[in-house]
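Asks: Okay, here's the structure, questions in a sec.
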Amino acid sequence: MTTSRFVQVALPVPLDQSFAYRVPAGLEGRVSAGCRVVVPLGPRKLTGVVLGESPADPGQNAREIIRLIEDQPALSPELLDLGRWLADYYCAPIGEVLRTMLPLAGESRKSKLVGLTTEGLQAAARFAASEKPTDPTVQVLRALAKRPLNEAYLKHKLPGAAGVLISLRKRGWLTVEDVIAERDTARDKTSASSVIVQSGQTVAGRRLTDAQAEAVKAIKAAVETRKFRTLLLHGITGSGKTEVYLRAIEHVLAAGKSCLFLVPEISLTPAAAAEFYARFGEQVAILHSAFTGVERSGQWRRVRDGTSRVVLGTRSSIFAPVENLGLVIVDEEHDNGYKQDEAPRYHGRDVAIVRARAAGAAVVLGSATPSLESRYNVERGKYDLLRLPERVEKRPLPSVRIVDMRQEFAETGRQDLFSRPLDEAIQERLEKGEQVILLLNRRGFSSFVTCRSCGERIECVNCSVTLTHHRRNKKLLCHYCDYSQPIPTACPTCKGEYLYFVGSGSEKVEDHLRERYPKARIARLDRDSVRGRGQYEAILNGFREGAYDILTGTQMVAKGHDMPNVTLAGVVSADIGLGMPDFRAAERTFQILTQVAGRAGRGKTPGEVVLQTWNPEHYAIRYAAAQDYDGFYAKELHFRRMLRYPPFVAAATLTVRSRKLEEALTLSGRLGQHIKDAPGVRVQGPAAAPLAKLKAEFRYLFLLKAQSRKSLAGVLRRAKAFAQENRWPATALVTDVDPMSLL
Ligand code: ADP
Ligand code: ZN
């Protein structure tokens, strides 16, 4: 007599639990932890991941695993553990976490599996005896008697099968099952070279600066000790951080280990990938969210079978199945792009550190403007600090000029988009044939539309925000839910005819530039001008090759680009973002201003920066203008300590959402009662979120702060259990640990 074996399976459902299934006799010995299986859940069939043996016999009710997708586990024990950590730390359902970790969804497509019923099988036996092999029915029945088959495959293989299937179905001889079919992935090992643009300029073999050499040495030492260590590489803009990374990777590969290199979404351009490819060839795998599902899973498989030992990609590449990890690099570690804004709401940098710790690997966090959290970890002795305090070849930092727009207004009596100093600086660059980068960190033409008679601002129907005027597309657009409507000719409320378009966006900057400098060649870079894969790259390449004189746009123009001919960086309004109701507003402003300033003067000619502002005394603007990171850090850290914000507390938010205002209000009130006096945790709220309505849902927000992670996690779990016990819809409660936004 054999006893049945049961395993726990994680399924992609928003529930904090896994499910027990019986292992059928045919799969005995093949189903192990990390394997993907197809199982029934209610009337559905879902793909899940086996977590391990069931601790207790779940009894006779347990259902059977339908199918094993592949014998080799998709997740190694190391990655399964990382998944468990994520689920625990971010209070996220394990099934959703594991689904995020596996970029294999692109491999499956829906199809129909046809088989025979008992009568069908009997009929097949009778037909087989009668031997009339030319009859398509006999053929089809024979094939199906052996095993169920994919309907499309059958129709393709056996001409006439389509008609036969219809008649078999009518007689009740056929079973039809919807399945998720897996692709034949052996053919899909797309090589890195086929998914990137070749540009092939390589810079190997050049002399490192002393600071670069020091940093490379420290990283090598950390890798060699095989002990987990985190190094913060604080290198000013233009100090040559990339070269440090590349040398460190060479070393890791030579030592027979693997390396993960993470970049924020926006900086992973095909050109960056090409540089990597030029150095490391087929050893590189590239994981990019712009790739199709098939391309991504092809890359993933090259990593798993060991073909690629360097993985370059955005945040989810931290889950790449490399073995023998030696080094993880997180470039631009301060960038918000590392935080996923849907469940599981993980931070790629923080997951990187956890993974490296488990693997005994070194971590390098690189930035010109490190996050307060990371820099503070240096102060606490948790990280080592490596500095690149100078630009390569001793190039000077650009000189920065702050233009007080209040004074400009007082003197000129006009509210021009470009002040006189900015205008002169641009003019000068155009005459000299040098290039300009101009930032206005807001999309669209005008920020909003208001009525002169009744003062009404035109808002989104789904969100509590004003609609932005996009002149190119002739519409008003919501930047949160993409709702759009035609530009009205009269006020929708009072029918007044005088509508007033207020504020400026990147489209307006572009128009003003074209008007003011008719001969200049101008390109705009923002989410509206960049549509689809390749366009971002095309604009940047065009600018790099000198096809444009001026590049204007949103924060996209500020990120990491190395354009030697840019000698002027201008900021049309340095104040955007400062007024945000978020404790990180100043930090973010400082970062973006420092980064954009860092685009100027990276070549032989020194650069200049012009910052226009209505708040010239603000410390974020002053320190950015002075390129004084340490000064900013000290001041901001002081505020965070006084006001008890991260990095001095562990923070999380709970958002209660409902399409009905009344319900959002009562549910959040009840939850508040339930969690308000948790020991060791300060609960603020519920209060209407700054974005009180988003995508047609009303939102109430709690901010939780605690000294210990443990007490914080305790309250979050209590809140989730409360929602589950009271049968709240799965979408009603959102948990965000270490939130990057409090909107
Ligand atoms: P960062 O990322 O620190 O802002 P980059 O890595 O983009 O700086 O490097 C700035 C520029 O300096 C690049 O053009 C790079 O090729 C060049 N560079 C880097 N290291 C050296 C070096 N040792 N000697 C000469 N040029 C270098
Ligand atoms: Zn909206």
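The values are calculated or read from the model by the stated rules, or taken from the named source; none is laboratory data. Only a predicted model underlies this, so the values are computations on that prediction, with no experimental measurement involved. Note that we place each Cβ from the backbone using ideal geometry, even for glycine, and neighbour counts take in every protein chain shown. Just so you know, the surface numbers come from the protein's heavy atoms only, side chains and all, with ligands and any DNA or RNA stripped out. Shrake-Rupley method; radii C 1.70, N 1.55, O 1.52, S 1.80 Å.
Conditions (1) modelled with pLDDT of 90 or more; (2) surrounded by 16 or more Cβ atoms within 10 Å (Cβ to Cβ); (3) hydrophobic (A, V, I, L, M, F, W, C); (4) under 26 Å from Thr554 (Cα atoms), marked per residue:
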site	(1), (2), (3), (4)
Ala186	no, no, yes, no
Ser191	no, yes, no, no
Ile196	no, yes, yes, yes
Arg226	no, no, no, no
Arg247	yes, yes, no, no
Lys257	yes, yes, no, no
Val263	yes, yes, yes, yes
Ala274	no, yes, yes, yes
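Asks: State all residues of the stretch 281-290 that are surrounded by fewer than 20 Cβ atoms within 10 Å (Cβ to Cβ) and either under 15 Å from Leu102 (Cα atoms) or hydrophobic (A, V, I, L, M, F, W, C) (or both); if no residue qualifies, say none.
Replies: Result: Ser289, Ala290.
Asks: Right, next: Say we look at the stretch 454-508 and pick out the residues that are of a type in the set (S, T, N, Q) and in a strand (DSSP E or B); which of these is nearest to ligand 1 (Cβ to nearest atom)?
Replies: Filtering first and then ranking leaves Thr468.
Asks: Report, ordered by the first and then the second residue, all pairs with beta carbons closer than 6 Å, sequence separation of six or more or different chains, a first member in the stretch 720-743 that is within 15 Å of Phe698 (Cα to Cα), and a second member that is open to solvent by 30 Å² or more (accessible area, probe 1.4 Å).
Replies: Close Cβ pairs satisfying both conditions: Ala732/Arg657; Leu743/Pro690.
Asks: Taking only the stretch 1-57 into account, find how many residues are open to solvent by 60 Å² or more (accessible area, probe 1.4 Å) and assigned to a strand (DSSP E or B).
Replies: Total meeting the criteria: 3.
Asks: Determine which member of the set Asp677, Asp736 is more than 16 Å from ligand 2 (Cβ to nearest atom) and crowded, with 16+ Cβ neighbours inside 10 Å.
Replies: Exactly one residue qualifies, and that residue is Asp736.
Asks: Hey, could you check the stretch 136-149 for residues that are surrounded by 14 or more Cβ atoms within 10 Å (Cβ to Cβ) and modelled with pLDDT under 80 and say which is nearest to Thr118 (Cα to Cα)?
Replies: Ranking the qualifying residues of the stretch 136-149, first place goes to Pro148.
Asks: Restricted to the stretch 693-710, and to residues that are over 10 Å from Leu654 (Cβ atoms) and surrounded by 17 or more Cβ atoms within 10 Å (Cβ to Cβ), which residue is farthest from ligand 2 (Cβ to nearest atom)?
Replies: Among them, the one singled out is Ala706.
Asks: Against the definition (open to solvent by 20 Å² or more (accessible area, probe 1.4 Å) and either within 16 Å of ligand 2 (Cβ to nearest atom) or closer than 30 Å to Val351 by Cα (or both)), how does Arg670 come out, yes or no?
Replies: When the stated conditions are applied, Arg670 does not pass them.
Asks: Among the numbered criteria (1) under 30 Å from Lys720 (Cβ atoms); (2) open to solvent by 10 Å² or more (accessible area, probe 1.4 Å), which single criterion is violated by Ile318?
Replies: So Ile318 meets the others, but not (2).
Asks: While we're on this one: Based on what the data block shows, is Thr666 modelled with pLDDT of 95 or more and hydroxyl-bearing (Ser, Thr, Tyr)?
Replies: yes
Asks: Now for a separate question. Farther than 25 Å from Asp335 by Cα, of a type in the set (Asp, Glu) and in contact (Cβ under 8 Å) with a residue 40 or more places away in the chain: does that describe Asp384?
Replies: no
Asks: So, in the stretch 459-474, how many residues would count as being surrounded by fewer than 16 Cβ atoms within 10 Å (Cβ to Cβ) and within 13 Å of ligand 2 (Cβ to nearest atom)?
Replies: 1
Asks: For the list (1) modelled with pLDDT under 95; (2) surrounded by 14 or more Cβ atoms within 10 Å (Cβ to Cβ), I need the number of the one condition that Lys495 fails.
Replies: Just one mismatch for Lys495, condition (2).
Listed here are the residues, each with its yes/no results for (1) basic (Lys, Arg); (2) more than 29 Å from Thr589 (Cα to Cα); (3) away from ligand 2 (no atom under 16 Å from the Cβ); (4) open to solvent by less than 50 Å² (accessible area, probe 1.4 Å).
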{"residue": "Val436", "(1), (2), (3), (4)": "no, no, yes, yes"}
{"residue": "Phe445", "(1), (2), (3), (4)": "no, no, yes, yes"}
{"residue": "Arg457", "(1), (2), (3), (4)": "yes, no, no, no"}
{"residue": "Asp482", "(1), (2), (3), (4)": "no, no, no, no"}
{"residue": "Gln485", "(1), (2), (3), (4)": "no, yes, no, yes"}
{"residue": "Ala490", "(1), (2), (3), (4)": "no, yes, yes, yes"}
{"residue": "Ser506", "(1), (2), (3), (4)": "no, no, yes, yes"}
{"residue": "Arg514", "(1), (2), (3), (4)": "yes, no, yes, no"}
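Asks: Then there's this: Among strands (runs of 3 or more DSSP E) lying entirely in the stretch 564-665, which contain 3 or more residues that are in contact (Cβ under 8 Å) with a residue 60 or more places away in the chain and of a type in the set (S, T, N, Q)?
Replies: In the stretch 564-665, 650-658 are the strands (runs of 3 or more DSSP E) which contain 3 or more residues that are in contact (Cβ under 8 Å) with a residue 60 or more places away in the chain and of a type in the set (S, T, N, Q).
Asks: Any idea which of Tyr500, Tyr548, Tyr536 is among the hydroxyl-bearing types (Ser, Thr, Tyr), crowded, with 18+ Cβ neighbours inside 10 Å and more than 29 Å from the chain's Cα centre (by Cα)?
Replies: None of the others qualify; the one that does is Tyr548.
Asks: Same structure again: Take the stretch 567-591 and flag every residue that is over 19 Å from Ile550 (Cα atoms) and among the β-branched types (Val, Ile, Thr).
Replies: Result: Ile576, Thr589.
Asks: I would also like to ask the following. Starting from the stretch 468-480, keep only residues that are assigned by TED's automatic domain parsing to the domain that holds Thr450 and farther than 18 Å from Ala696 by Cβ, then list their pairs with residues that are of a type in the set (Ser, Thr, Tyr) and part of a strand (DSSP E or B) whose Cβ atoms are within a distance under 7 Å, requiring at least 6 positions of separation or different chains.
Replies: Matching pairs, first to second residue: His469/Ser446; Lys475/Ser484.
Asks: To continue, here is another question. From the list Ala689, Ala721, Ala713, which one is crowded, with 19+ Cβ neighbours inside 10 Å, outside any strand (DSSP E or B) and either within 25 Å of the chain's Cα centre (by Cα) or more than 16 Å from ligand 2 (Cβ to nearest atom) (or both)?
Replies: Within the list Ala689, Ala721, Ala713, the selection yields Ala713.
Asks: How many residues does the stretch 409-420 hold that are within 19 Å of Glu515 (Cβ to Cβ) and under 42 Å from the mean Cα position of the chain (by Cα)?
Replies: Residues that pass the stated criteria total 7.
Asks: Given Arg380, Arg401, which one is at pLDDT 95 or above and under 30 Å from Arg349 (Cα atoms)?
Replies: Arg380
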